[in-house]
Amino acid sequence: MTIDNDRVLIVGAGQSGLAAAHAALQQGIRPVLLEASGRPAGSWPRYYDSLALFSPARYSSLPGMAFGGDPERYPRRDEVVAYLERYAAALIQRGAELRTGARVEAVRPAGEPGRSGFLVRLADGEELTAPALIAASGSFDRPHRPALPGLDAFTGPMLHVADYRSPASLPGEHVVVVGAGNSAVQVAHELAAERRVTLASRAPIRFVEQRPLGRDLHFWFRVTGFDRLPLARAEAPPASPVLDDGRYRRALREGRYARRAMFTRLDGDHAVWPDSGRERVDAVLLATGYRPNLPYLTGLGALATGGHPHQRRGLSLTHPGLGYLGLEWQRTPSSNTLRGVGADARRVVAVLARHLRGTRRHARA
C-alpha cells in the first residue's frame, strides 16, 4: 500500500484540529482535516445556549487570527462557532483540506513491515493513508456518567450537561445538578431563575475571583506564566475552581440555589441525603465532565484501560507519527482551551514534522 508522505491526517476540526492544521501549514505539511459533523466548529454548536467563555476575547484566540471586537468581553457560544468557521476558511485558502461528514471509524497500521504509517477508514468505507496522524477529536461525545447509587433506576429525566440546551430541556420543579465546576454552577444559576435547584457535590465549590485587582484572571495567568507551566496529568483532575464575578456566590448566599453534600443514593423519584433523609427530585443533570473520545484507536493498541491514550505531552508512547491535541492537562493547565491549544499544536506538529522528514528519506533510500 502506498502512503502519502506529504500530509498529516487530523481527526476533528474543532479548536484543536484547526490549531493543528495551522501548525502543519507553518511546517510546510499538507493537513487533511476529517470532521464528523457538517461544519468546522467541533462541539461548540452543541453546547448549552447560554454558554459564555470564561476568558476574555483577548486571551481566547487561536494562532494567527485575533478574535475581534471588544477584547475584554466574554464571547458567547455562537460567537465562538462563527470565529472557528472563519478560522477554517482562512486555513483552506492557505492549502488545508477540510472534509466534513467524514467520521473516522478505525485506524490501523499501514505500509510495509518496518515502515510506519496509518490507514484511516471512514464511515462511508473510504480509506486514507499518511505517515502521521493527529487525534484531535476532543471529549464532548464521551460524557462521563459516574456510577452513582440508584442513578440507573432513577424514574425522572436524567441528562448530562452535554445534552442540556436551556431550562426547557428539563421538566419539573426540583432539579438536582451533580457537579462543582464552572458548567455545574453556571447551569444551576440559570435553572434557579425558575426552578428549585440543588447542587450536589462531593466537595464544596471553590470560587475564584474572576477579576482580581480589576484585571481578568487570565491576565494574571499570562503575566505569571501559569498557563505555560508543565503540569501535565495522566488522568482528569478534580473539578476546576469556579470563576466568579460575584453573581454565583451571591446567589448561593441568598438561597437562590443550594449546595449539598452528594446524595447517598437515588431511589425511584427521590434522593436520599446523608443529613436529612428522602426528598422528591423531578430531574437530574450531570455536570460531571468528559473523557477522551478515541474509539477509532482501539484496534491500534494506542489506548490504556478506560480509553486514555498512552502519551506524554501529546506524543504517542506506542506509535511514532501519532500525536494528540486537546486532552485535558495534556501539557499545561490550558491545553484543552482556545488560548492554550495553539502552543501544544506547535510542539506536537514540530515533532511529527521531523518524523515525516525521516519517512521521506527512508522512502527515497
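Structure notes:
- Of the set (1) at pLDDT 95 or above; (2) more than 23 Å from ALA184 (Cβ to Cβ); (3) in contact with a Leu (Cβ under 9 Å, 6 or more places away or on another chain), all apply to LEU286 but (2).
- Among residues that are open to solvent by 40 Å² or more (accessible area, probe 1.4 Å), touching a helix residue (DSSP H, G or I) at 6+ places or on another chain (Cβ under 9 Å) and over 25 Å from GLY64 (Cα atoms), PRO309 is not included.
- Residue match in segment 29-50 (condition: crowded, with 17+ Cβ neighbours inside 10 Å and within 21 Å of ARG211 (Cβ to Cβ)): no
- Condition broken by SER137, with the remaining ones in (1) surrounded by 17 or more Cβ atoms within 10 Å (Cβ to Cβ); (2) farther than 20 Å from ARG291 by Cβ; (3) not β-branched (Val, Ile, Thr) satisfied: (2)
- Qualifying residue in segment 172-183 (condition: open to solvent by less than 10 Å² (accessible area, probe 1.4 Å), small (Gly, Ala, Ser), closer than 25 Å to TRP44 by Cα and assigned to a helix (DSSP H, G or I)): no
- Taking each residue of segment 179-207 that is more than 17 Å from HIS160 (Cβ to Cβ) and among the aliphatic types (A, V, I, L, M) and looking for partners that are open to solvent by less than 30 Å² (accessible area, probe 1.4 Å) and part of a helix (DSSP H, G or I) with beta-carbon atoms closer than 7 Å, six or more apart or interchain, yields ALA192/ALA251; ILE205/VAL185.
- Residue within segment 61-73 that is surrounded by 20 or more Cβ atoms within 10 Å (Cβ to Cβ) and either out of contact with any Phe, Trp or Tyr (no Cβ under 9 Å at 6 or more places or on another chain) or touching a residue at least 24 places away in the same chain (Cβ under 8 Å) (or both) present: yes
- Residue within segment 146-160 that is within 26 Å of the chain's Cα centre (by Cα), loosely packed, with under 13 Cβ neighbours inside 10 Å, free of Cβ contacts under 8 Å to residues at least 24 places away in the same chain and not in a loop (DSSP other than H, G, I, E, B) present: yes
- From ALA162, ALA147, ALA180, residue being closer than 21 Å to PHE263 by Cα, of a type in the set (Gly, Ala, Ser) and touching a strand residue (DSSP E or B) at 6+ places or on another chain (Cβ under 8 Å): ALA180
- On inspection, ALA136 qualifies as of a type in the set (A, V, I, L, M) and touching a helix residue (DSSP H, G or I) at 6+ places or on another chain (Cβ under 6 Å).
- The number of residues in segment 75-114 that are modelled with pLDDT under 95, open to solvent by 60 Å² or more (accessible area, probe 1.4 Å) and of a type outside the set (D, E, K, R) comes to 3.
- In segment 254-286, the residues that are closer than 20 Å to ALA180 by Cβ, open to solvent by 20 Å² or more (accessible area, probe 1.4 Å) and assigned to a loop (DSSP other than H, G, I, E, B): GLU254, GLY255, ARG256, MET262, THR264, PRO274, ASP275, SER276
- Output for segment 312-343, where each listed residue is closer than 20 Å to LEU18 by Cα, aliphatic (A, V, I, L, M), open to solvent by 10 Å² or more (accessible area, probe 1.4 Å) and over 13 Å from the mean Cα position of the chain (by Cα): LEU315, ALA343
The values are calculated or read from the model by the stated rules, or taken from the named source; none is laboratory data. Since the model is a prediction, treat every value here as computed from it, not as a measurement. No Cβ is skipped: glycine too gets one built from the backbone with ideal geometry, and neighbour counts run over all protein chains shown. Each accessible area value is taken on the protein alone, full model and side chains, heavy atoms only, with ligands, DNA and RNA left out. Shrake-Rupley method; radii C 1.70, N 1.55, O 1.52, S 1.80 Å.
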